[in-house]
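Contents: one structure, followed by commentary.
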């Protein structure tokens with residue numbers, strides 16, 4: 001599933017072609033993806049100008065000038081692909097197509113159909129069932145060591161599991177939590193409640209560093225994810241531990257190398273010597 005850096009990369013690509021443009025036509029090529037499309041969705045969108053494209057956690061928010069907001073999620077295999085509308089050849093899994101007033105088409109392609117498209121009013125976003133209760137954005141100024149420590153206080157769950165809780169911090173996923181814990185030298189098995197003070201500060205810096213570098217590289221491409229241009233992301237070439245079971249640890253000379261364990265049905269990669 002695309003994580004925060006991938007969704008942020010997609011949002012930036014969409015912003016470059018959608019902001020200030022009018023959505024002339026919304027082509028819905030089926031009735032649903034993961035959920036049914038809202039009734040009358042095309043009428044709510046067509047003829048509206050795009051004011052901004054933003055990200056919240058792993059959601060794409062397309063703000064329209066009339067106060068409406070399209071909420072999109074890429075699911076497991078979703079892609080947003082940009083190209084000229086003229087001569088457009090649609091593929092089997094192009095389920096939604098946005099046509100703009102300057103001849104650009106954005107195709108929402110989703111082979112597994114775990115993505116979705118919803119509509120809400122901007123003033124209601126904070127109460128939307130998918131957005132309410134989300135924690136702070138990890139790249140925002142509101143995310144700091146003291147804030148993280150407060151949210152983790154008293155929690156016995158492993159820090160890896162806690163960081164995947166979207167109510168603690170929004171948008172983090174399995175890959176980048178493993179990478180950030182390695183940078184911060186914290187074991188994924190450590191009790192979350194013990195991450196406070198200097199440890200919390202160090203972890204916040206590591207999270208911000210890993211996410212920033214991943215966005216600069218266009219995200220990570222494992223299976224389905226591509227940027228809006230169709231180009232792959234490249235951060236997978238910078239992974240320190242994720243997917244590297246048995247390989248030498250890049251941070252020390254331990255004999256066992258990178259270990260793989262399963263936490264909450266998800267693979268975790270780490271160095272038992274470097275990370276405590």
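Give, in nm to one decimal, the length gained when the segment between residue 212 and residue 76 is fully stretched (0.36 nm per residue of separation minus the Cα-Cα distance).
Taking residue 212 through residue 76 to full extension adds about 46.7 nm, to one decimal.
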Exercise for review: Quick one: angle between helix 4-18 and the longest Cα principal axis of the chain, in degrees between 0 and 90, rounded to 10, please.
Suggested key: 30 degrees
Exercise for review: From zero up to wherever the largest Cα-Cα distance of segment 137-276 sits, split into 5 Å bins and tell me the percent of pairs in each.
Suggested key: 2, 10, 20, 23, 20, 14, 8, 2, 0
Check your understanding: If R0 is 45 Å, what FRET efficiency do you get for residue 102 and residue 255 from their C-beta distance, rounded to 0.05?
Key -> 0.15
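If you take the Cα Rg of the chain and divide it by 2.2 N^0.38 Å, with N the number of residues, what do you get?
Details: Rg = 19.9 Å, N = 276, 2.2 N^0.38 = 18.6 Å.
Dividing the Cα Rg of the chain by 2.2 N^0.38 Å gives 1.07.
Could you give the length gained on full extension between residue 113 and residue 273, defined as 0.36 nm per residue of separation minus the Cα-Cα distance, in nm?
Values: separation 160, 0.36 × 160 = 57.60 nm, distance 4.13 nm.
Here the answer is 53.5 nm.
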Exercise for review: Calculate the translational D of segment 4-127 in whole µm² s⁻¹ from Stokes-Einstein, where the hydrodynamic radius comes from the Kirkwood formula applied to all Cα pairs, the temperature is 20 °C and the viscosity 1.002 mPa s.
Suggested key: 150 µm²/s
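What full-extension length gain, to one decimal in nm, is calculated for residue 142 and residue 264 as 0.36 nm per residue of separation minus the Cα-Cα distance?
Working: separation 122, 0.36 × 122 = 43.92 nm, distance 2.79 nm.
The residue 142-residue 264 span can extend by a further 41.1 nm.
Values quoted throughout were computed directly from the atomic coordinates according to the rules given, and no laboratory measurement underlies them. No experiment lies behind these values; they were computed from the predicted model shown. Note that each Cβ is placed from the backbone with ideal geometry, even for glycine, and that neighbours are counted across all protein chains shown.
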